[in-house]
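Below you'll find the structure, written out as C-alpha cells, and then a few comments.
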Amino acid sequence: IIPMAGNVYLAPDNDHLIVSKNGGLELNKDAPDHNLRPSIDHLFKSVAKVFSQEAIGMLLTGMGRDGADGLKSMYDSGAITIAQDEMSSLIFGMPNEAIKTGGVSFILPPNKISETLMNMISNVEENI
C-alpha cells in the first residue's frame with residue numbers, strides 16, 4: 001500500500017505495520033516486541049531505515065515502553081522526534097521511556113506539538 005496524504009493507517013490485531021524499502025506500507029508477522037504485535041517500535045524502526053532524516057516521529061500518552069527504542073532509532077537516523085510531556089499525559093509511561101533513551105528532540109503538550117509541526121511545515125515550504 002502506498003500511503004496517501006490525509007489517510008490514517010492502522011495495523012490489525014496480530015500484524016506489525018512497517019514501511020518497506022520502496023516507502024510503501026506492509027504487514028508482517030515478525031516476532032512481537034514487548035509482547036506486542038502490532039508494535040510501534042517495529043514501525044518506527046522501519047521508518048528510521050527508509051526515511052531517516054526526512055521523518056518525524058511522535059509518541060503520545062500510553063503505558064509501557066513500546067515505541068521508546070523505535071523513536072530512538074528514528075532520532076539516531078536524523079529524524080525529528082517528539083514525546084508528549086508529563087503534565088498533559090494521562091499515562092506518562094511510553095513518552096517517559098522514550099525520553100530516558102535520549103532520543104527525543106522535543107517534549108511538548110499536544111497543543112504545542114501541532115503548533116511545532118505547523119511551523120516545521122511552513123519552514124520547509126518557504127525553502128522550496
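The values are calculated or read from the model by the stated rules, or taken from the named source; none is laboratory data. All values derive from a computational prediction rather than experimental measurement. Using ideal geometry, Cβ is built from the backbone for each residue, glycine included, and neighbour counts are taken over all protein chains shown. Keep in mind that these areas ignore ligands, DNA and RNA; they rest on the heavy atoms of the full protein, side chains included. Shrake-Rupley method; radii C 1.70, N 1.55, O 1.52, S 1.80 Å.
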Practice problem: Run S89 past the list (1) polar (S, T, N, Q); (2) touching a His at 6+ places or on another chain (Cβ under 7 Å); (3) crowded, with 17+ Cβ neighbours inside 10 Å and report the number of the one that doesn't hold. | Solution: (2)
Practice problem: Scan the stretch 100-120 residue by residue and report those that are hydrophobic (A, V, I, L, M, F, W, C), open to solvent by less than 80 Å² (accessible area, probe 1.4 Å) and part of a helix (DSSP H, G or I). | Solution: I113, L117, M120
Quiz item: Considering the stretch 23-49 alone, what residues qualify as being touching a Ser or Thr at 6+ places or on another chain (Cβ under 9 Å), part of a helix (DSSP H, G or I) and more than 23 Å from M118 (Cα to Cα)?
Solution: D41, K45, S46, K49
Exercise. Test E97 against the criterion of being surrounded by 12 or more Cβ atoms within 10 Å (Cβ to Cβ), touching a helix residue (DSSP H, G or I) at 6+ places or on another chain (Cβ under 7 Å) and farther than 25 Å from I121 by Cα, and give yes or no.
Key: yes
Quiz item: Could you give every pair whose Cβ atoms fall below 7 Å, whose first residue belongs to the stretch 1-18 and is exposed (fewer than 10 other Cβ atoms within 10 Å of the Cβ), and whose second residue is at pLDDT 95 or above, counting only separations of at least 6 or pairs across chains?
Solution: I2/G24
Quiz item: Is it the case that the stretch 81-91 has a residue that's assigned to a loop (DSSP other than H, G, I, E, B), over 27 Å from I121 (Cα atoms), touching a residue at least 12 places away in the same chain (Cβ under 8 Å) and of a type outside the set (A, V, I, L, M)?
Solution: no
Exercise. Find the residue count for the stretch 19-54, including only residues that are touching a Phe, Trp or Tyr at 6+ places or on another chain (Cβ under 9 Å) and either open to solvent by 20 Å² or more (accessible area, probe 1.4 Å) or within 22 Å of M94 (Cα to Cα) (or both).
Key: 3
Quiz item: in a loop (DSSP other than H, G, I, E, B) and either within 16 Å of the chain's Cα centre (by Cα) or touching a residue at least 60 places away in the same chain (Cβ under 8 Å) (or both): does that describe D66?
Solution: yes
Exercise. Considering each of G57, G62, G70 in turn, give the residue that is in contact with a Lys or Arg (Cβ under 6 Å, 6 or more places away or on another chain) and open to solvent by less than 20 Å² (accessible area, probe 1.4 Å).
Key: G70
Quiz item: Across the stretch 31-57, what is the total count of residues that are under 22 Å from Y75 (Cβ atoms) and more than 14 Å from the chain's Cα centre (by Cα)?
Solution: 3
